[in-house]
1. Please find, within the stretch 85-107, the residue that is modelled with the lowest pLDDT out of those that are more than 15 Å from the chain's Cα centre (by Cα) and charged (D, E, K, R).
2. Can you tell me which condition THR305 does not meet? The list is (1) over 21 Å from the mean Cα position of the chain (by Cα); (2) farther than 25 Å from GLY163 by Cα; (3) surrounded by fewer than 19 Cβ atoms within 10 Å (Cβ to Cβ), and all the others hold.
3. For the stretch 471-488, does any single residue satisfy the condition of being in contact with a strand residue (DSSP E or B) (Cβ under 9 Å, 6 or more places away or on another chain) and within 23 Å of LEU96 (Cα to Cα)?
4. Can you name the number of the only condition in (1) in a loop (DSSP other than H, G, I, E, B); (2) under 19 Å from ALA52 (Cβ atoms); (3) more than 20 Å from the chain's Cα centre (by Cα); (4) aliphatic (A, V, I, L, M) that MET384 fails?
5. Tally time: how many residues in the stretch 168-206 are surrounded by fewer than 22 Cβ atoms within 10 Å (Cβ to Cβ), in a loop (DSSP other than H, G, I, E, B) and in contact (Cβ under 8 Å) with a residue 12 or more places away in the chain?
6. Is it the case that the stretch 475-496 has a residue that's open to solvent by less than 90 Å² (accessible area, probe 1.4 Å), modelled with pLDDT of 85 or more, more than 22 Å from THR391 (Cα to Cα) and basic (Lys, Arg)?
7. Out of the stretch 100-131, which residues are polar (S, T, N, Q) and surrounded by 11 or more Cβ atoms within 10 Å (Cβ to Cβ)?
8. Anything in the stretch 192-212 that is among the hydrophobic types (A, V, I, L, M, F, W, C) and within 15 Å of VAL310 (Cα to Cα)? List them, or say none.
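The values are calculated or read from the model by the stated rules, or taken from the named source; none is laboratory data. All figures in this text were calculated on a predicted structure; none of them were measured in a lab. So basically every Cβ, Gly included, is an ideal-geometry build from the backbone, and we count neighbours across all protein chains shown. SASA here: full protein model, heavy atoms, side chains in, ligands and nucleic acids out. Shrake-Rupley method; radii C 1.70, N 1.55, O 1.52, S 1.80 Å.
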Amino acid sequence: MYSLIFTFLCTSPIFLACFFCLLFHVLFTGKNEYDLLVIGGGSGGLACAKEAAQFGRKVAVLDYVEPSPQGTKWGLGGTCVNVGCIPKKLMHQAALLGSALKDAQHYGWNIAQPVHHTWSLMAQAVQNYVKSLNWGHRVQLQDKKVKYFNMKGSFSDPYTIRGLTKAGKETVVTAENIVIATGGRPKYPTHIAGALEYGITSDDLFWLKKSPGKTLVVGASYVSLECAGFLTGIGLDTTVMMRSIPLRGFDQQMASLVTEHMESYGTKFLKRCFPTKVEKLESNRLQVTWKNTDLGTEETDSFDTVMWAVGRAPDTEALNLEAVGVKTNSETGKIVVDASEATSVPHIYAIGDITEGRPELTPTAIAAGKLLAQRLFGQSSELMDYDNVPTTVFTPLEYGCVGLSEEMADLGALQFHLIQLHALSLNVLRKDLYVMYCFQVVCLREREQRILGLHFIGPNAGEVIQGFALGIKCGATYPQLMKTIGIHPTCAEEITKLHITKRSGLDATVTGC
């Protein structure tokens, strides 16, 4: 029967006319399959795709996770969901709960000491939650009729992407507009013997089934300090090795307070040191050799885990960008974009961590992705505003900030005169928790005294800074801040009482309400 139908169709003038019209359209009109193709299923890419779909456009997302050198892999959602913000915050919370249990006895609670933590229970709960988010992202794409390809993509030509599955199956996808949102991956110091063979990164830490045990975290980035902080908080022997300054790019007075508190909290620091080799012992422990630049000595110690947190690199290697003329920064490897997120090829865009000069933050990638979709398909002309973006470092005592640091303001073209104010509260029932909170405000000395930056170290710093970020975005001034009534008793109220300038040399310690 089927052969009869096939014979009829092949001899039908109407069918043949339609078939050849369709073939001519595909081959010669240049019509692409999708209005938008997003390469990368992280926060920014997914936000862009879903926003574009709301305008009734045909959208696809192509995402593939290359396993880490240690074999770790994960699902849809990108770094933030799988190996970044979400699991980090959950493990940070686990550490805070441990600290609260230790503090509880000072408030009258009878809790047997010492308290113990079970890594496997925490890790399983975190991993299960992350997997639920992976599934949620897939459901959202399906609900919004966004096609999802679990494939590694590379450019064949400016409008064509060649997708390759894990099994080696190839699919060719074409689109009128292409957005690159592949993010970055942790760097390995491959010049150090044993670094790649025996070390892990943040791509692996959150997916470990067993406790990392005694851990050396190499690096002074926020990733390094955050991970070292929660590892210490759950009771692990943790050391941070840093070659230079902590939290480069952040206010250095505040960065010093962060590391000082971490030391009092139990994290060890090897300052002005750098590793030279990692060797595996017969006991399966890792022996690390390093140089101390201050003392000019070579030292060694053994650890259960060595974690590299020495920066991130853009994930562009497989994209074949050179073939289509997408320009990258030769030093960083990041894609060069203009204010509209456009690359050097007009219909190819890039957002998120992969772009040059942009903050490596999930919320900025999400906002940039949504605005890009609105400009492409919603007749909007609004550009992403990257000024005064708030952020928080989730160390044991959190550090939140928005706007300029002291160093950035002082190096500005206008050589701003500064008012700097900060407050410290000491010794609240526990003598070892010696910094409860610290504020610093950077603002113009002249005219209206507009606030240029606000920095806070203390509990729930992200929650505190999120509110103040609106005021700074709206151009808040120091006199307006002083007219604001504080909520008592809170840490945040101290910002409404700041009056001691750094240049005065007076003691800014808060001694009463």
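1. ASP103
2. It is condition (3) that THR305 fails.
3. Residues of the stretch 471-488 that are in contact with a strand residue (DSSP E or B) (Cβ under 9 Å, 6 or more places away or on another chain), as a first pass: 471-473, 475-478, 480-481.
Next, from what is left, pick out any that are within 23 Å of LEU96 (Cα to Cα): none.
No, because not a single residue in the stretch 471-488 is in contact with a strand residue (DSSP E or B) (Cβ under 9 Å, 6 or more places away or on another chain) and within 23 Å of LEU96 (Cα to Cα).
4. Among (1) in a loop (DSSP other than H, G, I, E, B); (2) under 19 Å from ALA52 (Cβ atoms); (3) more than 20 Å from the chain's Cα centre (by Cα); (4) aliphatic (A, V, I, L, M), MET384 violates only (3).
5. Qualifying residue count, the stretch 168-206: 6.
6. No, the stretch 475-496 contains no residue that is open to solvent by less than 90 Å² (accessible area, probe 1.4 Å), modelled with pLDDT of 85 or more, more than 22 Å from THR391 (Cα to Cα) and basic (Lys, Arg).
7. Our first condition is that a residue be polar (S, T, N, Q); within the stretch 100-131, this holds for 105, 110, 113, 118, 120, 124, 127-128.
Within the stretch 100-131, GLN105, SER120, GLN124, GLN127 qualify.
8. Step one: of the stretch 192-212, the residues among the hydrophobic types (A, V, I, L, M, F, W, C) are 192-193, 195-196, 200, 205-208.
Within the stretch 192-212, ILE192, ALA195, LEU196, ILE200, LEU205 qualify.
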